[in-house]
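> Following this message is one structure expressed as structure tokens.
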């Protein structure tokens with residue numbers, strides 16, 4: 001699949017990164033001679049961030065080319081995304097040239113403010129032009145507002161939404177076109193109020209940012225406005241909340257009825273305050289801090305299968321469904337997990353922290369248990385394998401962003417016990433090995449019992465195949481065990 | 001220290017919980033006969049959530065009493081927080097009664113909208129009344145807007161801010177009083193715009209919430225409005241951003257110049273949409289989901305020492321500074337860490353996931369290394385202890401909210417090696433034991449070397465004291481080791 005990215009700035013670059021890292025070929029057109037450098041920087045950020053959200057193997061990157069003209073960029077493209085400046089006449093000229101070469105290809109615009117009917121004015125094929133408005137950083141935030149007009153082909157819009165889901169996004173279908181769509185209307189409202197507060201000397205840019213991120217900003221990353229207020233209403237519900245707070249609407253709680261004059265004085269005031277607030281960090285540093293925080297938030301939501309985290313889980317499931325079975329039951333350790341070292345896995349030494357090696361091993365053994373039919377459904381039935389004992393050897397250092405694999409070798413198994421040897425490897429060399437004894441338990445009774453026959457059959461076949469493997473040298477070792485290398 | 005909480009609803013209850021869990025005695029006055037039940041529910045939520053943010057031992061809870069009148073509640077209080085309904089006449093009556101008994105005690109109001117000068121009208125002592133506006137859930141979100149008027153005693157305001165820092169909050173000093181302070185002006189702006197969008201049929205409550213939480217809401221939990229836009233401006237900075245987006249102010253991007261009529265029709269429309277969106281969850285469920293997500297976000301920020309996370313780290317440091325030294329170097333395992341099982345530590349079996357036992361052990365050994373002088377400063381100097389090998393025995397089950405301790409017994413130590421036995425205990429009984437061999441390394445050369453003399457001296461004293469301890473039964477055990485309990 002091929003995406004054409006028209007305009008290669010921060011937004012266009014974010015789109016390019018999302019498509020590339022999800023396995024699409026990408027052709028970029030941007031007449032700016034600096035475009036390849038700028039796009040390279042966005043792509044470097046994205047490569048360090050987006051894979052950290054995935055727990056399924058990522059596809060191989062697509063190929064990136066810079067086209068020398070619009071026609072070349074859109075040729076054979078399955079999807080076109082336009083992210084040029086917010087200048088309607090410019091957008092119309094670009095669309096005319098694009099549609100001359102590819103009139104029927106879905107053409108999404110990153111516009112923050114223009115309505116689709118405005119974008120479609122005078123177009124060769126208005127039916128294929130729509131708004132696909134993303135949020136910076138495009139490679140991490142899932143939201144894309146999809147706004148069609150009545151002139152759009154509904155089937156084409158649906159297929160575009162499906163493409164965006166394929167690259168991990170959350171297409172929010174805006175059913176009626178309106179200036180600034182939905183999210184930017186809120187941003188604009190807050191922006192206007194913030195300008196007044198700064199101009200009137202009520203608060204600095206830093207104080208305003210603290211008022212947001214120490215309070216309601218944390219709420220809005222996981223529930224929006226209405227769900228938050230629903231909770232505030234308590235068991236009496238939304239209606240109760242509305243009846244309490246409705247009357248405040250007429251109170252003088254905002255200065256929204258007016259717009260501050262946007263002059264040099266205001267610009268200097270804000271720019272100066274912003275420098276005082278954030279000037280100690282370069283923009284690149286701020287981007288890295290932001291991305292690390294966003295990855296953390298998104299992974300929290302993924303753990304709770306909530307909001308943007310649900311989008312990530314669905315994206316993993318979609319990818320896993322198309323991945324081949326991990327490995328056949330032959331005389332070879334079975335590679336059961338692919339992982340990447342995330343920011344939260346690093347300790348103050350700058351290396352992967354020791355407990356994360358056991359975490360990587362758990363991911364591996366969990367996948368193995370699913371493979372033999374003892375996954376979540378089995379646990380829901382009241383039985384599970386519990387780890388009784390583990391021996392870990394630390395053999396190398398994993399660092400941020402390293403790709404790891406986890407493989408399982410079965411050393412022994414009977415009705416109640418499972419003895420495994422797990423290798424966590426980087427570039428084919430072990431960074432840690434873990435020997436474990438697991439017990440099959442009746443969870444209600446809290447004691448060991450024989451596993452189900454179908455699990456034992458599956459496990460027995462693997463145990464018998466693995467019997468031909470050499471026993472790992474360090475199996476059976478205790479802490480401080482004598483080796484040739486030194487004395488205990 | 002004693003706090004008087006006047007009004008025991010969701011907000012008053014949140015304040016009570018913050019004070020109690022931070023070791024303050026709390027007296028609540030609320031004439032509602034249901035108040036003890038309601039406050040109990042908030043307190044149960046807080047107990048399950050707030051300790052999860054702390055990595056320093058929490059103080060013992062203070063005592064909670066329900067006062068039969070205002071006078072009794074405020075007697076001997078060091079701080080008074082008023083959270084009654086948003087009715088100015090009522091607040092004035094309450095203040096008169098409070099100040100009759102305690103005229104000089106700091107008296108913060110949770111008001112969302114009233115200015116301090118309005119609150120102070122007719123007061124016996126206006127100098128001690130100020131706005132201390134928190135955000136729900138009060139026990140998790142750090143923000144408290146502190147708004148004094150010119151009539152306030154600056155010293156009293158500073159001491160009130162210090163009290164709020166002591167209970168883990170971030171007091172944001174609002175320098176000029178204004179209706180709705182700072183944050184609620186933004187909330188009001190977004191609320192008005194959202195009401196228009198729902199009323200005009202552009203978007204449902206659910207679509208609006210998705211537009212927030214899938215995009216800019218995630219940004220605002222960790223950076224505010226201005227820092228986010230600073231990044232959007234790229235290396236050219238804030239001024240560049242302003243010059244690009246300034247002109248949009250006059251575009252028709254919001255309907256803020258008007259207020260929708262707040263009638264039954266609009267209430268029913270919103271309440272109905274909210275039911276469709278969130279009605280499958282009870283308010284209690286939504287609260288638990290929200291709290292879990294917020295704990296996750298806050299811990300992400302704590303990991304990166306950023307925003308609200310920095311507030312948490314500073315709060316821990318403050319608490320650690322006043323905590324007694326963990327234990328003397330006598331012939332007893334040294335309790336080095338106190339922990340609580342967090343939501344993210346639980347696996348699909350409902351128990352603490354296996355890698356978190358090693359994590360708890362790492363927290364314990366890190367504290368031990370700090371104790372012998374091999375902490376972060378030592379690592380910054382290029383030396384560190386690396387774990388070479390670990391043996392874990394799982395002996396019990398830890399569950400969500402369980403309090404754990406981690407203790408260290410030194411089994412052996414020489415210039416380069418440290419052999420320890422760590423017990424992770426719940427209610428005095430081990431849930432896991434971990435035997436570890438650590439190597440002292442020169443990090444640049446990547447190989448073992450002798451530790452610094454002062455570290456060895458400290459460690460040697462402990463090793464010699466611990467030599468008198470019985471050797472743990474399971475030390476030296478390998479996986480699958482024969483025991484009296486069964487065959488390998």
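The values are calculated or read from the model by the stated rules, or taken from the named source; none is laboratory data. Given the structure is predicted, the values throughout are model-derived calculations rather than measurements. Note that each Cβ is placed from the backbone with ideal geometry, even for glycine, and that neighbours are counted across all protein chains shown.
> Can you name the condition, by its number, that residue A:387 falls short on among (1) more than 8 Å from chain B (Cβ to nearest Cβ); (2) touching a helix residue (DSSP H, G or I) at 6+ places or on another chain (Cβ under 6 Å); (3) closer than 23 Å to residue A:445 by Cα; (4) buried (at least 18 other Cβ atoms within 10 Å of the Cβ)?
Going through (1) more than 8 Å from chain B (Cβ to nearest Cβ); (2) touching a helix residue (DSSP H, G or I) at 6+ places or on another chain (Cβ under 6 Å); (3) closer than 23 Å to residue A:445 by Cα; (4) buried (at least 18 other Cβ atoms within 10 Å of the Cβ) one by one, residue A:387 breaks only (1).
> Among the residues of region B:289-313 satisfying the criterion of being more than 7 Å from chain A (Cβ to nearest Cβ) and without any contact (Cβ under 8 Å) to a residue 24 or more places away in the chain, which is surrounded by the fewest Cβ atoms within 10 Å (Cβ to Cβ)?
Per the stated criteria, the residue is B:305.
> Check off (1) within 8 Å of another protein chain (Cβ to nearest Cβ); (2) at pLDDT 85 or above for residue A:275 and give me the number that stays unchecked.
Failed condition: (2).
> Quick one: would you say residue A:394 is under 22 Å from residue B:397 (Cβ atoms) and either within 13 Å of chain B (Cβ to nearest Cβ) or surrounded by 15 or more Cβ atoms within 10 Å (Cβ to Cβ) (or both)?
no
> Condition check: within 7 Å of chain B (Cβ to nearest Cβ), within 22 Å of residue B:200 (Cα to Cα) and part of a helix (DSSP H, G or I). Does residue A:242 satisfy that? Spell out how you get there, then give the answer.
Working: within 7 Å of chain B (Cβ to nearest Cβ): yes; within 22 Å of residue B:200 (Cα to Cα): yes; part of a helix (DSSP H, G or I): yes.
Yes: the conditions hold for residue A:242.
> Right, next: Looking only at strands (runs of 3 or more DSSP E) that lie completely in region B:1-86, which have at least 2 residues being touching a residue at least 60 places away in the same chain (Cβ under 8 Å) and buried (at least 16 other Cβ atoms within 10 Å of the Cβ)?
Details: elements: B:2-6, B:25-29, B:64-66, B:79-82.
Result: B:2-6, B:79-82.
> Which numbered condition in (1) touching a strand residue (DSSP E or B) at 6+ places or on another chain (Cβ under 9 Å); (2) in contact (Cβ under 8 Å) with a residue 40 or more places away in the chain; (3) more than 10 Å from chain A (Cβ to nearest Cβ) is the only one that residue B:117 fails?
Going through (1) touching a strand residue (DSSP E or B) at 6+ places or on another chain (Cβ under 9 Å); (2) in contact (Cβ under 8 Å) with a residue 40 or more places away in the chain; (3) more than 10 Å from chain A (Cβ to nearest Cβ) one by one, residue B:117 breaks only (1).
> Could you please tell me which pairs satisfy a Cβ distance under 7 Å, a separation of 6+ or placement on different chains, a first residue in region B:465-480 that is touching a residue at least 24 places away in the same chain (Cβ under 8 Å), and a second residue that is part of a loop (DSSP other than H, G, I, E, B)?
B:465/B:329; B:465/B:330; B:465/B:331; B:466/B:331; B:468/B:331; B:469/B:331; B:478/A:476; B:478/A:477
> Among the residues of region B:446-455, is there at least one that is more than 23 Å from residue B:55 (Cα to Cα), surrounded by 19 or more Cβ atoms within 10 Å (Cβ to Cβ) and within 14 Å of chain A (Cβ to nearest Cβ)? Before you say what the answer is, go through the steps one by one.
Start the filter on region B:446-455 by keeping residues that are more than 23 Å from residue B:55 (Cα to Cα), which leaves B:446-455.
With surrounded by 19 or more Cβ atoms within 10 Å (Cβ to Cβ) added as a condition, the list becomes B:451, B:455.
Restricting the remaining residues to those that are within 14 Å of chain A (Cβ to nearest Cβ) gives none.
Taking every residue of region B:446-455 in turn, none turns out to be more than 23 Å from residue B:55 (Cα to Cα), surrounded by 19 or more Cβ atoms within 10 Å (Cβ to Cβ) and within 14 Å of chain A (Cβ to nearest Cβ).
> Just one of A:180, A:132 is within 14 Å of chain B (Cβ to nearest Cβ), assigned to a loop (DSSP other than H, G, I, E, B) and either over 19 Å from residue A:14 (Cβ atoms) or within 22 Å of the chain's Cα centre (by Cα) (or both); which is it? So that I can check it myself, show each step before the final result.
Working: A:132 fails: assigned to a loop (DSSP other than H, G, I, E, B).
Answer to the check: A:180.
The rows are residues; the columns are (1) surrounded by 17 or more Cβ atoms within 10 Å (Cβ to Cβ); (2) closer than 18 Å to residue A:339 by Cβ; (3) touching a strand residue (DSSP E or B) at 6+ places or on another chain (Cβ under 8 Å).
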{"site": "A:403", "(1), (2), (3)": "no, yes, yes"}
{"site": "A:410", "(1), (2), (3)": "yes, no, yes"}
{"site": "A:417", "(1), (2), (3)": "yes, no, yes"}
{"site": "A:426", "(1), (2), (3)": "yes, yes, yes"}
{"site": "A:429", "(1), (2), (3)": "no, yes, no"}
{"site": "A:432", "(1), (2), (3)": "yes, yes, yes"}
{"site": "A:436", "(1), (2), (3)": "yes, yes, yes"}
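> Can you tell me which of B:261, B:207 is surrounded by fewer than 23 Cβ atoms within 10 Å (Cβ to Cβ) and either more than 7 Å from chain A (Cβ to nearest Cβ) or modelled with pLDDT under 75 (or both)? Show your work before the answer.
Numbers: B:207 fails: either more than 7 Å from chain A (Cβ to nearest Cβ) or modelled with pLDDT under 75 (or both).
Just one listed residue meets the conditions, B:261.
> Shifting gears a bit: Restricting to region B:341-370, name every residue that is in contact with a strand residue (DSSP E or B) (Cβ under 7 Å, 6 or more places away or on another chain), more than 15 Å from residue B:401 (Cβ to Cβ) and assigned to a helix (DSSP H, G or I).
B:354, B:357, B:358, B:361, B:363, B:364, B:365, B:367, B:368, B:369, listed by residue number.
> For the condition in the same structural domain as residue B:120 (by TED's automatic domain parsing), buried (at least 20 other Cβ atoms within 10 Å of the Cβ) and part of a helix (DSSP H, G or I), what is the one hit in B:140, B:197, B:164, B:172? Give the steps one after another, and end with the answer.
Details: B:140 fails: part of a helix (DSSP H, G or I); B:197 fails: in the same structural domain as residue B:120 (by TED's automatic domain parsing); B:172 fails: part of a helix (DSSP H, G or I).
Answer to the selection: B:164.
> Scan region B:210-236 residue by residue and report those that are assigned to a helix (DSSP H, G or I) and more than 7 Å from chain A (Cβ to nearest Cβ).
Those that are assigned to a helix (DSSP H, G or I) and more than 7 Å from chain A (Cβ to nearest Cβ): B:219, B:228, B:229, B:236.
> Yes or no: residue B:459 crowded, with 22+ Cβ neighbours inside 10 Å, away from chain A (no Cβ under 13 Å) and either on the phi < 0 side of the Ramachandran plot or at pLDDT below 95 (or both)? Break it down stepwise before answering.
On the way: crowded, with 22+ Cβ neighbours inside 10 Å: yes; away from chain A (no Cβ under 13 Å): yes; either on the phi < 0 side of the Ramachandran plot or at pLDDT below 95 (or both): yes.
In short, yes.
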